[in-house]
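Heads up: the structure comes next, in structure tokens.
The values are calculated or read from the model by the stated rules, or taken from the named source; none is laboratory data. Bear in mind the structure is a predicted one, so any value in this text is a computation, not a measurement. Cβ placement follows ideal geometry from the backbone for every residue including glycine, while neighbour counts extend to all protein chains displayed. Protein only, heavy atoms only, side chains kept; ligands, DNA and RNA dropped before computing areas. Shrake-Rupley method; radii C 1.70, N 1.55, O 1.52, S 1.80 Å.
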Amino acid sequence: MQTKIFLITLILTSIGINAQNTFPTNGNVGLGVANPSSILHISTASSGVSFETRFTGNAMEFNRSNNNASYIDKKDNGSLNFRMGASYITRMSILNNGRVGIGTINPDMKLTVKGKIHAEEVKIDLNVPAPDYVFKEDYELKTLNEVEQFIEENNHLPEIPSAKEFEQNGVMQGAMDMNLLKKIEELTLYAIQQEKKIKKLQQENEELKSLATRVSQLEELLVESKK
């Protein structure tokens, strides 16, 4: 046993861990530390910067100087907290129900992030139908007068939550995107309707101009006939 310890010490010394390497009778192992406080306690120093790994109960600590520490704490229910910094601020949590929290220890969904997210692209699987049904002939499109009346009474668009509801419940991105797409499609139908009305009015206007020209011509003929 002593020979094995000597060989391990020799190897560690050769790779730069030349502080005290200890193997107390309590079963703890210390590499670069005289009094290991856990089963495995590693400490290497260089210009005052140290790295430590400690296993204490249900916790594991990584320490690279006091201002840059990390700590994994396993709760009795199986959940994990990942803590960082000198004051061990919790940065990430994994609950035993599979929920993951980043910036929060109480994730209310599979992934809860308290803060901003930067991603190249996000794909959302829909659990609501895409609103192409708006273009079907049997779709009952509200008249603009009905929409105007609804807005005057509720101060928001039909089928779109109010500002207060957004503040209280947040935004379900998939459902909201489909609702907004539905409103765009309805706006397209309104625009088509307005275009048809404009063309009809233009045609009627041309017909009125033609009729006015004919009336003017008849009046001129009447005047000529009276001479």
Fill in the blank from the handout: A careful count of residues in segment 151-162 that are assigned to a helix (DSSP H, G or I) and open to solvent by less than 60 Å² (accessible area, probe 1.4 Å) gives 0
Exercise for the section: Using the structure shown, decide if Glu165 is of a type in the set (D, E, K, R) and surrounded by 12 or more Cβ atoms within 10 Å (Cβ to Cβ). Expected result: yes
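Name the residue, out of Asp73, Asp108, that is out of contact with any Asp or Glu (no Cβ under 7 Å at 6 or more places or on another chain) and at pLDDT 85 or above. Lay out the reasoning, then the answer.
On the way: Asp73 fails: at pLDDT 85 or above.
Among Asp73, Asp108, only Asp108 is out of contact with any Asp or Glu (no Cβ under 7 Å at 6 or more places or on another chain) and at pLDDT 85 or above.
With respect to Glu153, is the statement that it is of a type outside the set (Gly, Ala, Ser) and more than 30 Å from Thr112 (Cα to Cα) true? So that I can check it myself, show each step before the final result.
Working: of a type outside the set (Gly, Ala, Ser): yes; more than 30 Å from Thr112 (Cα to Cα): yes.
Considered against the rule, which asks whether it is of a type outside the set (Gly, Ala, Ser) and more than 30 Å from Thr112 (Cα to Cα), Glu153 comes out as yes.
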Fill in the blank from the handout: Going through segment 174-220 in order, the residues found to be within 29 Å of the chain's Cα centre (by Cα) and among the hydrophobic types (A, V, I, L, M, F, W, C) are Ala175, Met176, Met178, Leu180, Leu181, Ile184, Leu187
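Quick check, is Glu146 more than 30 Å from Asp108 (Cα to Cα) and modelled with pLDDT of 95 or more?
Numbers: more than 30 Å from Asp108 (Cα to Cα): yes; modelled with pLDDT of 95 or more: yes.
Yes: the conditions hold for Glu146.
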Problem - Checking Met92 against (1) modelled with pLDDT of 85 or more; (2) under 17 Å from the mean Cα position of the chain (by Cα); (3) surrounded by 15 or more Cβ atoms within 10 Å (Cβ to Cβ), the condition it does not meet - result: (1)
Practice task
Output yes when any residue across segment 192-210 is of a type in the set (Asp, Glu) and open to solvent by less than 60 Å² (accessible area, probe 1.4 Å), and no when none is.
Solution key: no
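Among the residues of segment 112-138, how many are touching a Gly at 6+ places or on another chain (Cβ under 8 Å) and surrounded by 11 or more Cβ atoms within 10 Å (Cβ to Cβ)?
Let us first name the residues in segment 112-138 that are touching a Gly at 6+ places or on another chain (Cβ under 8 Å), namely 112-115, 124-128.
Adding the requirement that they be surrounded by 11 or more Cβ atoms within 10 Å (Cβ to Cβ) leaves 112-114, 124, 128.
The qualifying residues number 5.
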